[in-house]
1. Can you pull out every residue in the stretch 132-161 that is outside any loop (DSSP other than H, G, I, E, B) and under 30 Å from Pro232 (Cβ atoms)?
2. Report yes if Thr69 is of a type outside the set (Gly, Ala, Ser), at pLDDT 90 or above and more than 16 Å from Leu127 (Cβ to Cβ), otherwise no.
3. Report the residue count in the stretch 141-170 for those that are surrounded by 15 or more Cβ atoms within 10 Å (Cβ to Cβ) and closer than 21 Å to Leu284 by Cα.
4. Among the listed residues Pro152, Pro121, identify the single one that is over 19 Å from Leu231 (Cα atoms), in contact (Cβ under 8 Å) with a residue 40 or more places away in the chain and not assigned by TED's automatic domain parsing to the domain that holds Thr31.
5. At least 2 residues that are at pLDDT 90 or above and more than 14 Å from the chain's Cα centre (by Cα) in each: list the strands (runs of 3 or more DSSP E) lying fully within the stretch 258-308 that qualify.
6. Got a number for residues in the stretch 69-93 being part of a loop (DSSP other than H, G, I, E, B) and either of a type in the set (A, V, I, L, M) or out of contact with any strand residue (DSSP E or B) (no Cβ under 6 Å at 6 or more places or on another chain) (or both)?
7. From the residues in the stretch 242-257 that are at pLDDT 85 or above and either small (Gly, Ala, Ser) or out of contact with any strand residue (DSSP E or B) (no Cβ under 8 Å at 6 or more places or on another chain) (or both), which one is farthest from Thr177 (Cα to Cα)?
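The values are calculated or read from the model by the stated rules, or taken from the named source; none is laboratory data. Everything quoted here is computed from the prediction, not taken from an experiment. Glycine gets a Cβ as well: all are built from the backbone with ideal geometry, and neighbour counts include every protein chain shown.
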Amino acid sequence: MKMLCTSFATLFLLLAPNVLAQEGMITVRVTNESGSPITNAVVHAGFATAIKPGWGWGAGKPNTVQSLTDTNGICVLQGSGNGGSAGIGARKDGYYGSGGYLVVFTNLVGLVNKKWEPWNPTVTVILKPIGDPIPMFAMNFGDRNIPVRGEPVGFDLMAGDWVAPHGKGQEPDLLFTFSAEPELLHTNWYGSSPRVHRLLDYKLAVSLSNEGDGVVPVSVTPHQGGSALRLPPMAPEVGYSALSPKRVYQPVGKPQHSDIQQDQNYFFRVRTMKDDKGNIVSALYGKIYGDFQFDERSGTGVVPEQGS
């Protein structure tokens, strides 16, 4: 006999008449990557709430409900709120957590039977097994000013710094070359008054130092919700190649163009060493979350979070 686990929450916040709390129901299905159900996973849903009138802007603490999935990987969560949405996540020992799934409700003024629509949509949450992880270094380099323009400057991934004389790094794992073409001035005339527009044409080239070094681009489609393990756990053995330059420019009479892709991630291989037969005998592998980005005016590069 199929059994559903159901959890209820009540709203304790009194709000303005046109922003009333409403009941919402969501069915969550938790599976592994093969689609098989995962039982006894902890599922939680946070029903958004607005803050009390007069308390300023923003949102209050969501009304959170949680319960466990049944043998079919199913859990039904019911709660109330007035924020027009609910965030969903799931976790279980032995799996990477998965969260950020969002259900947006439609009847924001609370006139349809005091229930959020859609009523009881189904959301599928995928959990990825942890397996036998290998310890890695994890770094978030944040924004870094590229020290020079027009010439390559090395970045040491292990040290997390530029190589000498610009920093304390020793191995130039990645070489960044930021260049700016001479600024083009485009003049439009409005009556007798000229307006001068600067047209941007900047390029960031990222290269690698050793033969055999390279990256494997991996696109992860941006969406609401996903596993904490964004990329596969194992780096590929083949397929590493050079990076194409990233360019930001604005053609005359057209919108600004950018080669930066928000869904782009990378596996990388650096410090590759080969024997006399061309076989790889050692290398460092890792992941780069996000694309290489840069502020075209200041030359500030963003080296995404990576593990090696």
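1. Residues of the stretch 132-161 that are outside any loop (DSSP other than H, G, I, E, B), as a first pass: 138-139, 143-145, 153-156, 161.
Scanning the stretch 132-161 gives Ala138, Met139, Asp143, Arg144, Gly154, Phe155, Asp156, Asp161.
2. Details: of a type outside the set (Gly, Ala, Ser): yes; at pLDDT 90 or above: yes; more than 16 Å from Leu127 (Cβ to Cβ): no.
No, not satisfied.
3. 13
4. Pro152
5. Details: elements: 264-274, 280-288, 293-295, 300-302.
Where strands (runs of 3 or more DSSP E) fall fully within the stretch 258-308 and carry at least 2 residues being at pLDDT 90 or above and more than 14 Å from the chain's Cα centre (by Cα), they are 264-274, 280-288.
6. Total satisfying the criteria: 5.
7. Ala242
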